[in-house]
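K.L.:
First the structure, then my questions, so here it is.
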Amino acid sequence: MELIIKNGTVVTATGKFKADVGISDGKITAIASSLSDSNAKVCDAEGMMVLPGAIDAHTHLAMPFGGTISSDDYFAGTRAAACGGTTTVFDFALQDFNEPMPDTFKRRDALCAPNAAVDYSFHIGVKDIHGDLLNSIKDACDLGITSYKVFMVYDFGVKDGVFFELLRKSREFGALIAVHAENNELVNTLTEKYISEGKTSAWYHYMSRPEFVEGEADVRAINLAKAAGAALYIVHLANKQGVDAVTAAKDEGYEIYAETCPQYLHFTSDVYKRDDGRNFVCSPPMKGKESQDALWDAIKRGDIDTIATDHCPFMQSEKDWGLDDFRKIPNGCAGIENMYPYMLGKANDGVITFEKAVELCATNPARIFGCTEKGEIAVGKDADIVVYDPDKKFTVHQSNMHSDCDHTIWENVEMHGYPIKTFSRGKLVFDNGEFVGERGWGKFVKCEKRPIK
Ligand code: DUC
Ligand code: ZN
Ligand code: ZN
């Protein structure tokens, strides 16, 4: 063995136990009550928890959006991921019009591969399926790109007919369709109304995309998936009506998955009344307390499947474009380094169990997106491992984050417990506050197709 992580408490999605973990060639090769090998390096994890690295299934790195490009490139974003215990990211590769899906993947992979500090894969954001483009999904699935996101909003979003066609065909391609659900017409109507009334502050970003705007789209998306007989993954679910619709569909036996994000669990729409409210502008926006409570309840009863970040940071100067007009604020916030510490902190405080945090942040995203080598501390899996100190106190400041962004919505938020080491395929990439990994270390993760129907 090359490395033994000794004396820690291993956490999986189903239990916790004291064990040593042995690592060779980037893989977990042994888990036992006591391991020894005079040739192995030893990492003493006495008093610590030993967890699978998190999988952030929703990031937007170096993404052209809102008149600029999100401020973390593939190196900065994955460096920050490593420092928050995230060892795999799924980034959104947005298709260009007329572009076959394999080309979208290759275009973004060429940017990502030389720069990623942790492993990565992609979902493709679909804009155009005319002619042969729809069938090009099959070719991209063969390359290991098996998830495709539909935007119901934005000028590049697709109409319901295209969404339905994608759902229907996803079954024969072995792909999973994901959706950003908000009602575009309502967003446009409400935005015009508030602007015409001179209501331009960040609060009106929320008011033009309130609970029902998202809830209606969630219900519609689920109905389309049911009609198509297809599975559906709802990204960044943030409202109670949508939560209720997911619960009902799951109870009826439909394969509907729901993801939410730490920002919806921690902040409410009140943030848009703050002087720095523009920094919190993302879509969907944070909602009221009733929705936040519904999200936590759904997590506890198992109706939320994954936590991801929607990491899409913009520099302060860019957020400031919208000081007098919320429409000009680029949508998105930083979060890639905060997800796992935040969810584990909630476990540490007894809100959820550690097993639940591992399930939501690692095991479920691996299972849902077909990453067979990831998401678990188990023999044969990649040695993507976080050593977590449950007693460490950590307060988030922009200065102790590892993103290129110059501010964070998590400023001054206290985390109870914190990762002290992150290993990516057995290589130490984060050590006690410092990034020690390298640009280009991250490898593309080829995802398995879903069963063809
Ligand atoms: N929402 C955001 O806030 N940013 C990126 C894309 C999105 O849908
Ligand atoms: Zn989205
Ligand atoms: Zn997103």
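K.L.:
Could you give the length gained by full extension between Leu111 and Asp349, i.e. 0.36 nm per residue of separation minus their alpha carbon distance, to one decimal place? Can you show the working numbers first?
P.N.:
Details: separation 238, 0.36 × 238 = 85.68 nm, distance 3.96 nm.
Length difference between fully extended and current span is 81.7 nm.
K.L.:
What ³J(HN,Hα) values, in whole Hz, does the Karplus curve 6.51 cos²θ - 1.76 cosθ + 1.60 give for the range 62-68 when θ = phi - 60°, with x put for Gly and Pro?
P.N.:
Values, residue by residue: 6, 9, x, 6, x, x, 8 Hz.
K.L.:
Right, something else. Of the options Pro284, Ile177, Val153, report the single residue whose Cα projects farthest towards the positive end of the charge dipole of the chain (beta-carbon charges: Lys, Arg +1; Asp, Glu -1).
P.N.:
Ile177
K.L.:
What length, rounded to one decimal in nm, is gained on full extension from Glu252 through to Asp160, with 0.36 nm per residue of separation minus their alpha-carbon distance?
P.N.:
30.8 nm
K.L.:
Let me ask another. For the chain, place one equal point scatterer on every Cα, skip the solvent, and apply the Debye formula. What is log10 of I(q)/I(0) at q = 0.09, 0.11 Å⁻¹?
P.N.:
-0.53, -0.81
K.L.:
May I ask for the distance between the Cα centers of the range 256-303 and the range 1-72, given as a whole number of Å?
P.N.:
The two parts, judged by their Cα centres, are 28 Å apart.
K.L.:
Assign one of three labels to the range 330-378, namely rounded, prolate or oblate, based on the Cα gyration tensor with a ≥ b ≥ c the square roots of its eigenvalues; rounded applies when a/c is under 1.5, prolate when it is not and a/b is larger than b/c, and oblate otherwise.
P.N.:
oblate
K.L.:
Would you calculate the separation in nanometres between label points at Asp44 and Glu290, each defined as 7 Å from the Cα along the Cα-to-beta-carbon direction?
P.N.:
A separation of 5.5 nm, rounded to one decimal place.
K.L.:
Whole number please: convex hull volume per residue, Cα atoms of the range 221-270, in Å³.
P.N.:
Enclosed volume per residue, from the Cα hull, is 69 Å³.
K.L.:
Within the range 63-77, list the residues whose amide N lies under 19 Å from a label point set 7 Å along Cα→Cβ of Phe97.
P.N.:
Backbone N within reach: 64-68.
K.L.:
Can you find, among Ala113, Trp321, Asn98, the residue farthest towards the positive end of the dipole of the range 54-369? Put +1 on the C-beta of Lys and Arg, -1 on that of Asp and Glu.
P.N.:
Trp321
K.L.:
For Ala378, put the label point 7 Å out on the Cα→Cβ axis and report which residues of the range 11-35 keep their amide N under 19 Å from it.
P.N.:
11-24, 26-33
K.L.:
Next up: Seen from all sides and averaged, what is the projected area of the convex hull of the Cα atoms in the range 46-153, in nm²?
P.N.:
8.2
K.L.:
Provide the FRET efficiency to the nearest 0.05 for the His130-Phe212 pair, computing r from the beta carbons and using R0 = 30 Å. Working shown, then result.
P.N.:
Details: r = 32 Å, r/R0 = 1.07.
With R0 = 30 Å, the Cβ-Cβ based efficiency is 0.40.
K.L.:
Quick one: in the range 298-375, what % of C-alpha pairs are over 19 Å apart?
P.N.:
Distances greater than 19 Å cover 51 percent of the Cα pairs.
K.L.:
Give me the extension gain from Ser33 to Glu414: residue separation times 0.36 nm, minus the current Cα-Cα distance, reported in nm with one decimal.
P.N.:
My answer for the length gained is 133.8 nm.
K.L.:
Take every DSSP beta bridge whose two residues both sit in the range 54-369, then give the antiparallel share in percent to the nearest 5.
P.N.:
The answer is about 5 percent antiparallel.
K.L.:
How many angstrom lie between the C-alpha centres of the range 375-450 and the range 139-217?
P.N.:
Taking the Cα centre of each part, the range 375-450 and the range 139-217 sit 30 Å apart.
K.L.:
Taking every eigenvalue of the Cα gyration tensor of the range 353-427, multiplying by 5 and rooting it, what semi-axes result, largest first, whole Å?
P.N.:
Semi-axes (√(5λ), whole Å): 26, 14, 13.
K.L.:
With charges only on Cβ, +1 for K and R and -1 for D and E, what is the dipole size of the chain about its Cα centre, in debye, rounded to 20?
P.N.:
With only Lys, Arg, Asp and Glu charged at Cβ, the dipole is about 680 debye.
K.L.:
Same structure, new question: Expressed as a rounded percentage, what relative contact order does the range 214-343 have, with Cα pairs under 8 Å and six or more residues apart?
P.N.:
25 percent.
K.L.:
For the range 1-128, what is the percent of antiparallel DSSP beta bridges, rounded to the nearest 5?
P.N.:
45
K.L.:
How large is the helix-only mean residue ellipticity at 222 nm for the chain, computed as the sum of -39500 (n - 2.57) over DSSP H runs with n ≥ 4, divided by its residue count, in deg cm²/dmol to the nearest 500?
P.N.:
-8500 deg cm²/dmol
K.L.:
Another one. In whole Å, what three semi-axes, largest first, describe the equivalent ellipsoid of the range 99-233 built from its Cα gyration tensor (square root of 5 times each eigenvalue)?
P.N.:
Calculated on Cα positions only, the semi-axes equal 30, 20, 13 Å.
K.L.:
Take the Cβ-Cβ distance between Thr395 and Asp320 as r, set R0 to 35 Å, and report the resulting FRET efficiency rounded to the nearest 0.05.
P.N.:
Result of the calculation: an efficiency of 0.85.
K.L.:
What percent does the relative contact order of the chain come to when contacts are Cα pairs within less than 8 Å and at least six residues apart?
P.N.:
Worked out over the chain, it gives 23 percent.
K.L.:
Could you give the alpha-carbon Rg of the range 185-301 over 2.2 N^0.38 Å, rounded to two decimals?
P.N.:
Compactness ratio reported: 1.12.
K.L.:
Please report, in cubic angstrom per residue, the volume enclosed by the convex hull of the alpha-carbon atoms of the range 310-453.
P.N.:
Convex hull of Cα atoms, per residue: 167 Å³.
Throughout, read-outs are computed from the coordinates displayed, never taken from laboratory work. All values reported here derive from a predicted model rather than from experimental measurement. Cβ coordinates were reconstructed from backbone atoms using ideal geometry, including for glycine residues, and neighbour counts include every protein chain displayed.
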